[in-house]
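Following: one structure in structure tokens, then a few remarks.
The values are calculated or read from the model by the stated rules, or taken from the named source; none is laboratory data. For clarity, every value in this text was computed on a predicted model and none was experimentally measured. Heads up, the Cβs are rebuilt from the backbone with ideal geometry, glycines too, and the neighbour counts pull from every protein chain shown. What goes into the accessible areas is simple: the full protein's heavy atoms, side chains included, and nothing from ligands, DNA or RNA. Shrake-Rupley method; radii C 1.70, N 1.55, O 1.52, S 1.80 Å.
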Amino acid sequence: MRPEILNPLFQSVTSLDGVGPKIAALIEKLSGPFVRDLLFHRPSGVVDRSARPGAANADDGVIATFDVVIESHAPPQNPRRPYRIRARDDTGYLTLAWFHARADYLRRLAPEGARRLVSGRVERFSGEIQILHPDYVLDPAQADEMPEFEPVYPLTAGLAPKTLRKAISGALERVEASELSSLGEWNDPGVMQKNAWPSWTEAIAALHAPHAAEDLSAHAPARKRLAYDELLADQLTLALVREQRRALAGRENRGDGAIVRKVLAASLYAPTGAQKRAFQEISDDMASGLRMARLLQGDVGAGKTFVAALACARAKEAGIQAALMAPTEILARQHVRTLSPLLEAAGMRVSALTGRDKGAPRRKLLAELAAGDIDVVCGTHALFQDDVEFADLGLIIIDEQHRFGVGDRVKLAAKARRPDLLVMTATPIPRTLTLASYGDLDVSRLDEKPPGRSPIDTRVVSSDRLDEVMQGVGRAIERGDRVYWVCPLVEESDKSDLAAAEERWRALAALFGEARVGILHGRLSAAEKEARAEAFRVGEMDVLVATTVVEVGVDAPDATVMIIEHAERFGLAQLHQLRGRVGRGEKKSSCVLLYRAPLSDTAKARLEAMRDSEDGFFLAEEDWRLRGPGDMLGTRQSGETRYLLA
């Protein structure tokens with residue numbers, strides 16, 4: 001293959017006619033900087049202009065095209081009124097109307113006595129057929145400028161539809177003029193024949209030339225073929241990365257087991273079989289002489305942090321430092337609290353480094369880290385700031401890995417010498433999606449829960465019984481229990497009827513007293529979040545009203561009640577994560593899923609699955625079955641869409 005054949009597709013969009021720097025900036029914001037990005041910016045709809053019913057037969061609300069003669073102009077006497085043009089065809093009369101239009105422009109556009117092709121949405125106004133702001137008014141000689149079927153594209157502010165269509169048309173012409181067809185077909189002939197798929201160039205052309213809504217469907221042959229290409233390219237890329245990663249020289253980070261045994265002795269519980277298997281896989285990777293790149297995937301409460309502690313102990317035995325990166329300060333400091341009793345019992349030192357650390361304490365911590373006096377550091381993005389240096393960083397652990405970009409991993413890895421990498425996620429993922437999303441990583445699964453975790457009694461309750469639930473909270477407080485109450489929003493919104501955390505906090509504080517009820521949400525500073533989470537953890541407050549910021553990082557082992565308001569609005573994975581905040585000790589725990597009727601079939605199935613099972617892997621598979629791979633993390637909206645067509 002001659003790679004230069006692809007060069008026309010990787011030129012800047014400014015190489016297309018009519019695309020200057022300002023338009024290019026808008027297109028880059030919308031799809032990307034290259035010609036190829038425009039090719040994959042697929043239509044979201046199609047306008048059918050093929051209907052030509054005649055003025056007398058046009059239906060209200062439809063888009064239609066008319067061949068008319070312009071009869072007269074009627075400029076408005078009041079500038080708030082529209083400029084009207086009266087036209088007729090063989091069947092009757094048609095009014096064309098514009099607000100705030102220049103009279104000289106409209107007289108040039110549609111001179112009296114001239115024949116014009118007009119297209120737009122028809123409406124009946126005062127008994128007359130009218131088109132307000134027609135999409136096209138053309139001389140019949142320009143008829144080819146008005147397609148019968150016109151794709152509608154997603155836009156960004158400042159970018160006109162006509163400008164974008166012209167740019168995409170230029171990109172398609174670039175494909176036609178290139179030698180791409182000489183590349184031949186890269187897909188298996190049997191797959192192509194079985195699915196009756198078009199060639200790549202035919203598929204790209206068809207993608208931008210829909211004739212009906214069916215052509216925009218994910219099941220349209222052109223779309224399916226291009227989606228298959230996208231998935232195939234993704235998997236081939238992962239395979240190449242995996243091969244390159246396997247070839248990277250690492251270090252033989254072996255240990256004699258002495259420190260690991262001390263950590264095991266300090267634990268209150270013996271490791272589960274799944275934890276033993278995962279640690280053995282990690283140990284084998286670290287000792288292999290190749291760089292480890294492993295995903296540790298576990299259900300809520302499966303004991304990922306304990307496995308991470310054992311990995312840190314093995315790192316200490318090998319004479320290297322470990323860094324654990326978490327997405328929030330709360331979670332980073334929680335890891336320090338969890339790891340310290342285990343690792344300090346084995347003679348190791350654990351510290352936290354976050355954006356809050358300033359001045360002399362920070363300088364002292366950095367000096368100790370650079371000298372090798374700190375064995376394990378837990379932190380946020382602060383870990384890869386320029387002034388952070390390690391004596392010998394050899395093990396990188398990333399928690400809640402979906403919240404970090406690849407660039408974050410690279411920045412931290414740059415501070416290490418041939419490091420081993422362990423990434424962890426507490427969101428159970430279906431096996432097929434694990435392979436697709438993490439094909440560059442080896443996978444360890446924790447599918448057993450440690451002893452000491454009590455089952456959680458989950459109830460699905462209508463919001464009509466809110467008063468009963470609040471009374472139940474009062475009884476729980478009197479028993480000495482602590483309660484989470486999770487709401488979707490921070491404050492009331494005119495655009496939403498969802499209960500707000502602040503409104504619910506006021507209601508509960510009025511019942512039980514402000515001293516017993518706290519509130520935690522994303523608009524608080526990191527210090528405020530940690531202070532309130534700590535107050536709840538140690539029992540200074542009985543009820544914590546919160547948004548989903550408590551999904552990870554807030555750990556109160558004595559909390560026994562979780563109430564999730566508007567549970568029907570959350571995804572299964574997120575509901576399961578939230579429920580996992582309780583049931584962490586031996587006391588009986590419960591979870592109340594408050595919903596507002598009526599429920600959709602999917603929402604009902606989700607809540608029933610939550611009621612019937614605590615198995616995160618089962619729930620992940622059920623989530624996949626109910627609504628496909630989209631929105632795997634519940635209501636989270638962060639991060640870029642990974643696929644354009646698939």
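Summary table
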item: Added length on full extension, which subtracts the Cα-Cα distance from 0.36 nm per residue, Ala212 to Asp373; result: 51.2 nm
item: Angle between the chain longest axis and helix 161-177 axis [Cα atoms, degrees, rounded to 10]; result: 90 degrees
item: Distance violations [Cα-Cα > 28 Å] among Lys449/Lys587; Lys364/Lys415; Lys224/Lys604; Lys316/Lys529; result: Lys224/Lys604; Lys316/Lys529
item: Fraction of beta bridges assigned by DSSP in the chain that are antiparallel (%, nearest 5); result: 35 percent
item: Computed [θ] at 222 nm, helices only, for the chain once each DSSP H run of length n ≥ 4 contributes -39500 (n - 2.57); result: -11000 deg cm²/dmol
item: Arg86-Thr163 FRET efficiency (beta carbon distance; Förster radius 25 Å; 0.05 resolution); result: 0.20
item: Sequence-distant residues sharing a close amide H with Asp135 (under 5 Å, placed H); result: Ser119, Gly120, Arg121
item: Charge dipole of the chain about the Cα centre (unit charges at C-beta), most positive-ward option of Phe40, Ser181, Leu524; result: Leu524
item: Filtered GluC sites (Glu not before Pro), region 220-292: DSSP coil and at most 16 other beta carbons within 10 Å; result: Glu252
item: Per residue solvent-accessible surface (Å²) - the chain, probe of 1.4 Å; result: 47 Å²
item: With every protein chain in place, the chain: carbon and sulfur % of accessible area (1.4 Å); result: 51 percent
item: Hydrodynamic radius (Kirkwood) for the chain, which is based on Cα pairs only, to one decimal in Å; result: 29.4 Å
item: DSSP-assigned coil residues among GluC sites (Glu not before Pro) in region 580-616, each with at most 12 further Cβ atoms within 10 Å; result: Glu586
item: Rg [Å, one decimal], Dmax [Å, integer] - region 292-369, C-alpha atoms; result: 13.4, 40
item: Calculated from backbone phi, Karplus (6.51, -1.76, 1.60) coupling profile of region 606-613 in Hz, x at Gly/Pro; result: 4, 5, 5, 5, 5, 5, 8, 9
item: Kirkwood Rh in Å, taken over all unlike Cα pairs in region 289-421; result: 14.7 Å
item: Positive-end extreme of charge dipole, the chain - chosen from Leu369, Ala515, Leu421 (charges on Cβ); result: Leu369
item: With Cα atoms, 0 to 90° folded angle of helix 466-478 axis to the chain main axis; result: 20 degrees
item: On Cα atoms only, tilt of 221-247 relative to the major axis of the chain in degrees; result: 30 degrees
item: Region 280-346, relative contact order in percent, only Cα pairs under 8 angstrom and at least six apart counted; result: 26 percent
item: Hz values of 3J(HN,Hα) by residue in region 25-40 - Karplus curve (6.51, -1.76, 1.60), Gly and Pro given as x; result: 5, 5, 5, 4, 4, 7, 10, x, x, 10, 4, 4, 5, 5, 4, 9
item: Share antiparallel - DSSP beta bridges, region 92-176, percent rounded to 5; result: 70 percent
